[in-house]
Amino acid sequence: MILLSGLSASQYLSEGKKLIDEKVIEFLPNGKAYPESIHDAMRYSLLAGGKRLRPVLVMAATEALGRDRHAVMPFAIAAEMIHTYTLIHDDLPALDNDDLRRGKPTNHKVFGEATAILAGDALQARAFELLSSPEFKLSISKKISIINILSRAIGGAGMVLGQSEDIESINCSPDLKYLEELQELKTGLLIQAAC
């Protein structure tokens, strides 16, 4: 499949990931800013790599509408910050209790549970700060619409609901339909929001 940019889907994803990897650092607090422990933990998880699918989808949807991908970079980075916050929290002992993420120790294994929780919270807040920032050159009504869409995708009827249902399903044997609905809530709605 060839995209509007003339690249194949895999080339587009690879090129988009590279751009996001370069740009994401610009939207993070300085590593020496107080409190260093929180900012170090934020940077650790956000810079750990990954496919960067959500921000690339933000750029692709923007380009499909004939707009410049750089104009929505705050939205693209915010989507990745939100995704990263969900991963940090998902890995915590109270939820999935994972020791590794992308081949590296999870945030709470490196920084402790309290710092991991706060780093996730800070990434979520920073994402909404970017979306509401004057540097994000969209009309206020469009910003509010984006914030509303993202909030619903990750809130009590979205990702949080999916995470809650995931916890509740630990002692049962969910069927395929249940697992599909669970993944739509935990993962799919944020992907839809990026588009």
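The values are calculated or read from the model by the stated rules, or taken from the named source; none is laboratory data. Computed from a predicted structure; not experimentally measured. Neighbour counts are summed over all protein chains in view; Cβ atoms, including those assigned to glycine, are modelled from backbone coordinates with ideal geometry. Note: areas computed on protein heavy atoms with side chains; ligands, DNA, RNA excluded. Shrake-Rupley method; radii C 1.70, N 1.55, O 1.52, S 1.80 Å.
Per residue, the Cα convex hull of region 105-195 amounts to 132 Å³.
Ignoring ligands, DNA and RNA, please state the percent of accessible area on the chain from carbon and sulfur, probe 1.4 Å. List each step's numbers first, then the result.
Details: 5980 of 10330 Å².
That fraction is 58 percent.
Using the Kirkwood radius built from alpha carbon pairs, what does the Stokes-Einstein equation give as D for the chain at 25 °C and 0.890 mPa s, in µm² per second? List each step's numbers first, then the result.
Details: Rh = 17.5 Å.
For the chosen part, D equals 141 µm²/s.
Which whole-number value in Å² is the accessible area per residue of the chain, probe 1.4 Å?
53
Coupling constants for region 53-61 follow from the phi torsions by the Karplus curve (6.51 cos²θ - 1.76 cosθ + 1.60, θ = phi - 60°), and in residue order they are 4, 4, x, 5, 5, 4, 5, 5, 5 Hz; glycine and proline get x.
Between Ser145 and Lys32, full extension at 0.36 nm per residue minus the direct alpha carbon distance yields a gain of 37.3 nm.
Using unit Cβ charges (K, R positive; D, E negative) and no other charged atoms, how large, in debye to the nearest 20, is the dipole of the chain about its Cα centre? Numbers along the way, then the final one.
Details: 21 positive and 25 negative charges, 162 e Å.
For the chain, the charge dipole is close to 780 debye.
Summarising the amide proton neighbourhood of Arg101: residues at separation of 5 or more, or on other chains, whose placed amide H is nearer than 5 Å comprise Thr106. Applying 1/(1 + (r/R0)^6) with r as the Cβ-Cβ distance of Arg67 and Ile167 and R0 = 45 angstrom yields a FRET efficiency of 0.70.
Counting residues in region 146-195 as N, plug N into 2.2 N^0.38 Å and put the Cα Rg over that result. It would help to have the intermediate numbers written out before the result.
Working: Rg = 11.3 Å, N = 50, 2.2 N^0.38 = 9.7 Å.
Its radius of gyration relative to the 2.2 N^0.38 Å reference: 1.17.
Averaging over all projection directions, find the projected area of the Cα convex hull of region 1-90 and quote it in nm² with one decimal place. The number I arrive at for region 1-90 is 6.1 nm². Helix content alone sets the calculated 222 nm mean residue ellipticity of the chain: runs of n ≥ 4 DSSP H residues at -39500 (n - 2.57) each, divided across all residues, give -19500 deg cm²/dmol.
Extension gain, Glu135-Ala9: 0.36 nm per intervening residue step, less the Cα-Cα distance, totals 42.4 nm.
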